[in-house]
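Each value in this text was obtained by applying a stated rule to the coordinates, not by laboratory testing. Keep in mind that this is a model prediction, so the values were computed, not measured. With ideal geometry, Cβ positions are generated from the backbone for all residues, glycine too; neighbour counts draw on all protein chains shown.
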Amino acid sequence: MDTFDVVIVGSGPAGLGAAFEISSRDPGRSILMIDKEPFSTGGLRNDCKMNFTWPIGFPENVWTEADGLSYLARVESFLKPDLMDRRNMDIYARRASKLGVRLLEVRQAHLGTDGGLALIKDLTAELARRGVSISLGETAGRVEAEGRILVTDRREVGYRDLILAPGRGGFSFLRHMMNDLGIPFQDNAVDIGVRVELKEERYAIVRDYYDPKFLFPKKTRTFCTNSRCAHVVQEKYVTDDGRIWYSANGHAYSASRPANGLANFALLKTVTLTQPLASGQDYASMLGVQASLIGGGHPIMQRVGDFRLGKRSTREGFSGDLYDFEPTLPSACPGDLGLSVPAKVLRSVWNALKLLDTIVPGVLHPSTILYYPEIKLYANRPVFRDDSFQAAPGIRLVGDGAGTSRGITGAWASGIRAADGILAGC
Ligand SMILES: Cc1cc2nc3c(=O)[nH]c(=O)nc-3n(C[C@H](O)[C@H](O)[C@H](O)COP(=O)(O)OP(=O)(O)OC[C@H]3O[C@@H](n4cnc5c(N)ncnc54)[C@H](O)[C@@H]3O)c2cc1C
C-alpha cells in the first residue's frame with residue numbers, strides 16, 4: 001500500500017493552497033493530491049474572479065477579521081494578482097445608500113475561464129516539479145480512521161494527515177464521510193435565487209466595476225457578475241436518490257476574447273432554516289427538482305416583461321421586438337418563475353431588482369432574463385476541534401464543501417490554514 005505524509009482530496013483552490021504551503025515550507029514531506037475528474041479541475045476553471053477584500057469569501061463563523069486579513073495577505077502574496085481598477089464608485093454608493101443598500105468595494109482580479117485554465121496548468125506543473133504526486137480520475141470513497149487509510153476507487157492509500165477539500169460538488173461525499181466518522185455538523189443554510197442576464201449597456205456599472213457587490217435588505221445580494229464575453233451555464237446536481245436537477249451559473253472569458261455585449265449576475269437570498277431543523281442541502285435539492293419538473297428537465301427562464309405582466313414566457317414569444325437578445329443558455333425552458341420560486345425568495349429578489357434598477361437604471365428592461373434556480377450549497381458546517389479545521393484526528397475538512405470558504409481566495413486561505421496546523425504538528 002502506498003503511504004504519504006499528507007493526502008489531499010480535491011485539486012481546487014483549497015487543496016492547492018494546502019499543497020503549496022506544505023511543499024514550500026517542508027519539501028521533504030510526501031504529498032499525494034487526488035481528484036475524481038480526469039483533468040485538474042476545481043473552481044479556478046470557472047471564470048476565476050479572485051476577491052482580495054475581507055470578508056468576501058470568508059464565512060465569519062469560522063474566520064475572525066484578524067485571521068481572515070492575515071491569511072488573505074498570504075494568498076495575495078502567493079498568487080500576485082493583477083487587480084482591476086474601479087471608477088465612479090462614489091456615484092453608485094451614494095445612490096445605493098439612499099435606498100438602504102450597501103455597495104462593497106472589492107479588490108478583485110479576473111482571469112476568465114480561459115485564463116483560469118492556464119493558471120491551473122502552471123500551478124499543477126509547479127507542484128509536479130516539487131515532487132507532489134497528482135492522481136487524476138481517482139475518486140475518494142471512504143476513510144478507515146483507525147488505520148489512517150483512505151479508500152479510493154483504485155486502491156488503499158495510507159496517510160499521516162488527510163485534507164478533504166471536495167468543494168461544493170462534494171457536499172454529499174463530505175456529508176457521508178462525516179456521518180461515518182462521527183463528526184458532528186450542521187447544514188442549515190443555503191443561498192437561493194436567480195441568474196440575471198441582460199445587455200451590458202443596461203448594466204453599465206460593469207464598465208466601472210467588474211463584479212459589483214450590492215447588499216440589499218433581507219439577506220439578498222448580487223454575486224458573481226460577468227461581462228464582456230459572458231455566458232450563462234448550467235451545473236448538474238444529482239440527489240441522493242438519483243434525481244437530476246440543474247443550477248444556473250455564469251462565467252466570462254478573459255478580455256482577449258471578442259465581447260458579446262451581454263452581462264449576467266446572480267441575485268441570491270440566504271435562507272437559514274431553524275426549527276424544526278432541516279438540511280439546507282435537502283431543501284435545495286427539493287427546490288431544484290421541482291424547478292426541473294416545471295422546466296421539463298431544464299432550468300426555467302422568464303423575461304422581465306412577462307414576469308411584470310404575470311404571464312409565463314413561451315418559446316414563440318421569447319425573442320423579437322423588445323426582447324432583443326438571445327439567451328446564452330438556450331436549453332433553459334421559457335416559463336413562469338412564480339410557479340417554482342418560494343414566495344419569500346421571489347419577493348426579496350424582486351425587491352432587490354427594483355432597488356438595483358434605481359441605482360443602475362436599465363436592469364429591469366423587459367428583455368432582461370431571469371433564470372431559476374441558482375442555488376449555492378456550501379453550508380456543511382462541521383464542528384472543528386482546532387483552528388486548523390481538524391475535525392477528527394489527522395483529518396481536516398476545508399473549502400466550500402466544508403463551509404470554511406465561499407470563493408477562490410477563501411478556499412485557498414483555508415488550505416493554508418490546514419497546512420499550518422499540519423506543519424505545527426497539531
Ligand atoms: C460556474 C462557477 C463559477 C464560479 N466563479 C467564481 C469566481 O469567479 N470567483 C470565486 O471566487 N469563486 C467562484 N466560484 C466558486 C469557486 O469555484 C469556489 O469557491 C472554489 O472553487 C472552492 O474551492 P474548493 O477547493 O473548496 O473546491 P473546488 O474548487 O470545487 O474543488 C474541489 C475538487 O474536489 C474534487 N472532488 C470532489 N469530490 C471528490 C472525491 N470524492 N474524490 C476526489 N476528488 C473529489 C472535485 O472534482 C474538484 O476538483 C465559482 C463556482 C462555479 C461553479
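In the chain, the DSSP-assigned H stretches of four residues or longer account for a calculated mean residue ellipticity at 222 nm of -9000 deg cm²/dmol, using -39500 (n - 2.57) per stretch and the full residue count as denominator. Out of every Cα-Cα pair that region 80-159 contains, those further apart than 19 angstrom amount to 67 percent.
Global dimensions of region 256-328 from alpha-carbon coordinates: Rg and Dmax equal 16.7, 51 Å. Among the trypsin sites (Lys or Arg not before Pro) in region 1-109, those placed in a DSSP loop whose Cβ has at most 11 other Cβ atoms within 10 Å are Arg87.
Seen against the Cα atoms of the chain and their longest principal axis, helix 408-423 is set at about 10 degrees. Which of Lys49/Lys376; Lys354/Lys376; Lys98/Lys376; Lys213/Lys344; Lys80/Lys218; Lys121/Lys219 have a Cα-Cα distance over 27 Å? With Cα atoms farther than 27 Å apart: Lys98/Lys376; Lys80/Lys218; Lys121/Lys219.
Applying both filters, DSSP loop and at most 11 other Cβ atoms within 10 Å, to the GluC sites (Glu not before Pro) of region 136-191 gives Glu146. Can you tell me the orientation of helix 280-294 relative to the chain, as the angle in degrees between its alpha-carbon axis and the longest Cα principal axis, to the nearest 10? Value to nearest ten degrees: 40.
Dividing the Cα radius of gyration by the Kirkwood radius, what Rg/Rh value follows for region 189-376? Don't jump to the answer; show the numbers that get you there.
Working: Rg = 15.7 Å, Rh = 16.5 Å.
My calculation puts Rg/Rh at 0.95.
Give the residue list of chymotrypsin sites (Phe, Trp or Tyr not before Pro) in region 371-424 that are DSSP loop and have at most 13 other beta-carbon atoms within 10 angstrom. Hits after loop and neighbour filter: nothing returned.
Looking at the calculated P(r) for region 303-426, what percent of the C-alpha pair distances fall above 20 Å? Numbers along the way, then the final one.
On the way: 4583 of 7626 pairs.
It works out to 60 percent of all Cα pairs.
Within the chain, the proportion of Cα pairs with more than 34 Å between them is 30 percent. Spread over its residues, the convex hull of the C-alpha atoms of region 1-101 is 168 Å³ per residue.
When the Kirkwood hydrodynamic radius is evaluated over all pairs of different C-alpha atoms of region 304-373, what value in angstrom, to one decimal, is obtained?
Numbers: mean 1/r = 0.0781 Å⁻¹.
That comes to 12.8 Å for region 304-373.
Dimensions of region 197-249 based on its C-alpha atoms, expressed as ranges along the principal axes with the largest first, amount to 45, 30, 14 Å.
Contact order normalised by length for region 189-376, with contacts defined as Cα pairs under 8 Å and 6 or more residues apart; what percent is it? Let's see the in-between values first.
Working: 416 pairs, mean separation 62.2, N = 188.
Once normalised by length, the contact order is 33 percent.
With only the Cα atoms considered, region 182-273 has a convex hull volume of 148 Å³ per residue.
Compute and list, largest first, the equivalent-ellipsoid semi-axes of region 365-426 from the alpha carbon gyration tensor, each √(5λ) rounded to a whole angstrom.
On the way: eigenvalues 232, 30, 7 Å².
Over the Cα atoms of region 365-426, the ellipsoid semi-axes are 34, 12, 6 Å.
Binning all Cα-Cα separations of region 120-180 at 10 Å, short to long from zero, yields these whole-percent fractions: 18, 46, 30, 5.
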